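Before any comments, here is the structure.
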Amino acid sequence: MNETKKNERVEEVFGLFLKHMKTFLKEANLNHEEYTNFVNWADRLGRSGELPLYADVFLETHVLQAMYTDKPGTQPSLLGPFFIEGSPYLENTPGKPIVNTMRADEPGETLYFSGRVQNLKGQPLANTKVELWHNDNSRKYSSFDSDAPPYNLRGHFYTDKNGDFEVKTIAPIPYSIPTEGPTGEFLEYMDQHSMRPAHLHLMFEAEGYETLITQVFFEGDPWLENDVAEGVREELVTTLHDKGGHKEAELAFEMRPE
Ligand code: BEZ
Ligand code: FE
């Protein structure tokens with residue numbers, strides 16, 4: 001007997017997709033030329049390697065909102081296309097519970113970011129793995145078009161016994177998603193800008209809890225209200241305090257039980 005590759009979840013989701021697409025097609029009054037144009041553009045998107053970028057800009061936020069709006073705990077935000085596995089383990093600075101992601105000559109404004117990780121009852125989650133990644137002062141992510149060495153401004157570390165962590169890094173700055181390819185072409189059709197507000201990416205992993213992938217944004221950022229990827233959630237926006245020579249910011253995170 002042939003082994004079947006049937007996947008009931010694929011069948012269920014595709015059935016629902018077709019059901020809703022029929023209503024959508026009637027409402028959009030799509031013609032055959034538009035369909036062909038779409039197929040050609042989607043083919044260019046796939047060939048360019050930008051499918052993950054496009055999906056993360058235009059779809060990921062809706063998947064997350066459908067899953068998490070109104071759920072207790074910190075709202076997730078976009079994983080995005082710039083996460084890579086294998087970041088270095090960052091050890092605390094001797095004598096201080098602070099990890100450092102920066103090179104000695106890292107261009108940018110120094111930021112001390114501190115966080116507290118707790119569960120839905122407000123109990124601290126010690127020894128939670130925290131993964132951090134963000135862009136550099138050239139607005140790029142290491143390993144993606146940046147001149148910085150691999151894994152620059154990327155690392156993982158663990159919360160202390162109070163669920164706290166502190167990281168010394170640079171304040172991220174707003175950046176444009178890549179616009180040279182089919183994703184940029186789509187933005188032009190929509191007459192839409194390509195900017196994301198400055199943000200830190202964080203991923204938290206603790207035994208017995210749902211992995212939390214989220215971002216932190218900063219008050220006063222000009223792109224907060226119109227992030228191209230719609231990743232901003234009010235509770236993820238914190239204040240960037242100017243401490244004369246460096247910046248400081250903090251935020252608490254609540255993880256949901258598995
Ligand atoms: C990001 O946060 O890095 C990102 C998210 C979605 C699309 C592009 C970039
Ligand atoms: Fe990002």
Practice problem: Would you pull out the residues with amide H under 5 Å of Thr238's amide H, same chain only if 5 or more places away, H placed 1.01 Å from N? | Solution: Phe217, Phe218, Glu219
Exercise. Write down the percent of antiparallel bridges among all DSSP beta bridges whose residues are both part of the chain, to the nearest 5.
Key: 65 percent
Quiz item: When the chain is treated as a GNM, springs tying every alpha-carbon pair under 10 Å, which of Gly155, Gly231, Gly244 comes out with the largest mean-square fluctuation?
Solution: Gly244
Quiz prompt | Cross-link table Lys129/Lys247; Lys71/Lys96; Lys22/Lys71, entries beyond 28 Å C-alpha to C-alpha | solution = Lys71/Lys96; Lys22/Lys71
Self-check item: Fewest-first ranking of His193, His20, His156, using other Cβ atoms within 10 Å as the exposure measure
Solution: His20, His193, His156
Quiz item: So which GluC sites (Glu not before Pro) in the range 1-83 pass both tests, a DSSP loop state and at most 13 other Cβ atoms within 10 Å of the Cβ?
Solution: Glu3
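Any idea what the relative contact order of the chain is, in percent, if you count C-alpha pairs under 8 Å spaced at least 6 apart?
RCO, the chain: 23 percent.
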Practice problem: Pull out the extension gain between Lys5 and Leu18, defined as 0.36 nm times the separation in residues minus the alpha carbon to alpha carbon distance; nm, one decimal. | Solution: 2.6 nm
Self-check item: DSSP-loop trypsin sites (Lys or Arg not before Pro) across the range 223-258, with at most 16 other Cβ within 10 angstrom
Solution: Lys243
Quiz item: Tell me, how many Å apart are the Cα centres for the range 5-62 and for the range 172-193?
Solution: 20 Å
Quiz prompt | Convex hull of Cα atoms in the range 42-181, direction-averaged projection (nm²) | solution = 10.3 nm²
Quiz item: What number, rounded to the nearest 500 deg cm²/dmol, is the helix-based mean residue ellipticity at 222 nm of the chain, given -39500 (n - 2.57) per DSSP H run of at least four residues and division by all its residues?
Solution: -7500 deg cm²/dmol
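How compact is the chain by the rule of thumb for globular proteins, expressed as Cα Rg over 2.2 N^0.38 Å?
Output field value: 1.14.
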Practice problem: Determine the gain in length on full extension of the stretch Ser114-Ala28; use 0.36 nm per residue of separation and subtract their C-alpha separation, reporting nm with one decimal. | Solution: 26.2 nm
Quiz item: Taking the Cα-to-Cβ direction at Glu234 and at Glu207 and moving 7 Å from each Cα, how far apart do the two end points lie in nm?
Solution: 3.8 nm
Self-check item: Nearby aspartates and glutamates by direct alpha-carbon distance to Lys243 (threshold 12 angstrom, same-chain neighbours under 8 apart not counted)
Solution: Glu109
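Identify the GluC sites (Glu not before Pro) of the range 119-216 meeting these criteria: DSSP loop state and at most 10 other C-beta atoms within 10 Å of the C-beta.
Here the sparse-neighbourhood loop sites are Glu180, Glu207.
Taken together, the values in this text are just the output of simple stated rules run on the coordinates, not laboratory data. Keep in mind that this is a model prediction, so the values were computed, not measured. Neighbour counts are summed over all protein chains in view; Cβ atoms, including those assigned to glycine, are modelled from backbone coordinates with ideal geometry.
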